Amino acid sequence: MEVLIVGGGGREHAIAWKLYQSPIVNRIFAAPGNAGMERIATCVPIKATNIEGMVEFAKDNEIDLVVVAPDDPLVMGMVDALEAAGIRAFGPRANAAIIEGSKVFSKELMKKYGIPTAKYEVFDKCDEAVRYVRTQSCPIVVKAEGLALGKGVIIAATADEAEKAVRDMMEGGKFGSAGSRVVVEEFLCGPEISVLAFTDGKTVRPMASAQDHKRALDGDEGLNTGGMGAFSPSRIYTEQIADECMKTIFMPTIQAMNAEGRPFKGVLYFGLMLTKDGMKVIEYNCRFGDPETQAVLPRLKTDLAEIMLAVLEERLDDIRIEWRDDAAVCVVLASGGYPEKYTTGYEIKGLDALEWKNHITVFHAGTAEKDGAIVTAEGF
Ligand code: AMP
Ligand code: GLY
């Protein structure tokens, strides 16, 4: 097969690295890819959100399978557009990707189908939201309705902070249209676990569990980022908890999406929190997590291309998916100052000495090639 991977982060590099090992994959393209992916894939300068460009490239190059990895093209309907052009695409259609694209949708889905999650209220008027947060106990959680690069969630320690978060989102336009509605949510407490699951809309096959770390600097002392690392498996996520999640969260979610006429095919990411009242859903993502994927896929023994085809052909219940017992950890190295102001264009040295040795694999995110050297470029 000729495969095209949409995206250019560490997650996409890990997906490409795994697909590269598949005997049924002949060639990999990545759009836009990154300097690390260049070694195993042909990178093409098409933006991940350029739906028309992607469809055209896939048609012109007779791509057999497009893997749409990031959230925005999924929510924007890239899979629908590829399918309409007769191209096979891995990932949910827009009507199912809404499970990540709209927090109001996902909260209402969970309420309607009795899936455990934090209590919440939705507001589309700023003064009502402010009045509400003033009557609640703190901490309290304020979330922008739409996609905000994982940064649209404020955990407010005081009512003043909560009011400021609401005003920033609803009046200040801090997250653009993503903040025109807000969800105000009960604050939950407990360790967080990420479970990514393959699903063909009928069967759910959870991958090995993981935990991610979002804050920069050692000891969790820095700012929130897109993710500074992850490990797999999670020790907290025992077999008994996994069984319970299958019954109370995973299957009910798949069935709920079907009942709503929005069958979900692809990877569904369950962001879970183990609270004193049991496991609850903090968020859904309609895709592989980043950086969880970088820790989870190296543990996958089974051919990822075969799993993806099984998802597309709705025969996920027929295949065996096997995992290595070894644990994996992903550590993100970022340019100083990240996630705020950081310098790009620094040469990154020593990568070749690391690769493939001592069980270390280097996945690139936000790197570029300049005069034959790998340099820091933009992250997220
Ligand atoms: P989200 O974008 O919904 O995943 O939220 C980002 C992060 O905010 C989560 O990974 C949690 O650490 C935290 N968070 C979100 N909702 C809550 C909540 N109701 N209670 C406590 N922490 C939360
Ligand atoms: N690691 C969190 C995410 O992928 O959204």
Rounded to the nearest 20 debye, what is the charge dipole size of the range 323-380 about its Cα centre when +1 sits on each Lys and Arg Cβ and -1 on each Asp and Glu Cβ? 80 debye
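Compute, for the chain, the length of the dipole vector about the Cα centre, with Cβ point charges of +1 (Lys, Arg) and -1 (Asp, Glu) only. Units Debye, rounded to 20. Can you show the working numbers first?
Working: 42 positive and 56 negative charges, 107 e Å.
Approximately 520 debye in magnitude.
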Positive end of the dipole of the range 1-144, charges at C-beta (+1 Lys, Arg; -1 Asp, Glu), about the Cα centre: which of Ile99, Thr49, Ile24 has its Cα farthest in that direction? Ile99
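Arranged by the count of other C-beta atoms within 10 angstrom, fewest first, what order do Cys189, Cys286 take?
Working: Cys189 9, Cys286 25.
Lowest to highest Cβ neighbour count: Cys189, Cys286.
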How big is Rg to Rh over the range 137-236, alpha-carbon atoms, Rh as the Kirkwood inverse-mean-distance radius? 1.04
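Determine the dipole magnitude for the range 98-159: charges of +1 sit on the beta-carbon of Lys and Arg, -1 on that of Asp and Glu, nothing else is charged, the reference point is the Cα centre, and the result goes in debye to the nearest 20. Write out the running numbers ahead of the final one.
Numbers: 10 positive and 7 negative charges, 32 e Å.
Around 160 debye, computed over the range 98-159.
Using only alpha carbon pairs under 8 Å that are at least six residues apart, calculate the relative contact order of the range 228-323 and give it in whole percent. Kindly include the intermediate steps, with their values, before the conclusion.
On the way: 78 pairs, mean separation 25.6, N = 96.
So the answer I get is 27 percent.
Expressed in nm², what is the orientationally averaged projection area of the convex hull enclosing the Cα positions of the range 1-152? If you can, show how the numbers build up before the last one.
Values: hull surface 46.4 nm².
If you wrap the Cα atoms of the range 1-152 in a convex hull and average its projections, you get 11.6 nm².
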Just want the answer: with Cβ charges of +1 for Lys and Arg and -1 for Asp and Glu, which residue in Thr248, Ile87, Thr361 is farthest toward the dipole's positive end in the chain? Thr248
Compute the distance from the alpha-carbon center of the range 271-318 to that of the range 200-246, in whole Å. 10 Å
Identify, among Ala377, Phe187, Val67, the residue whose Cα sits farthest towards the positive end of the charge dipole of the chain, taking +1 on the Cβ of Lys and Arg and -1 on the Cβ of Asp and Glu, with the dipole about the Cα centre. Phe187
With equal scatterers on the alpha carbons only and no solvent term, can you work out the Debye log10 of I(q)/I(0) for the chain at 0.10, 0.12, 0.13 1/Å? -0.64, -0.95, -1.12
Going by amide H atoms built from the backbone, whose H comes under 5 Å of the H on Thr117, apart from near neighbours? Val281
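Taking neighbour Cβ counts within 10 Å as the exposure measure, how do Met279, Met54 sort from fewest upward?
Details: Met279 21, Met54 27.
Placing the least packed residue first, the sequence is Met279, Met54.
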For the range 243-298, which trypsin sites (Lys or Arg not before Pro) are both in a DSSP coil and crowded by at most 15 other Cβ atoms within 10 Å? Lys276
Listing Asp325, Asp200 by rising number of other beta-carbon atoms within 10 angstrom, fewest first, gives Asp325, Asp200
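Computed from the coordinates by the stated procedures, all read-outs in this text should not be read as laboratory data. Because the structure is predicted, anything quoted here is derived from the model rather than measured. Every residue, glycine among them, receives a Cβ derived from its backbone with ideal geometry; neighbour counts consider all protein chains shown.
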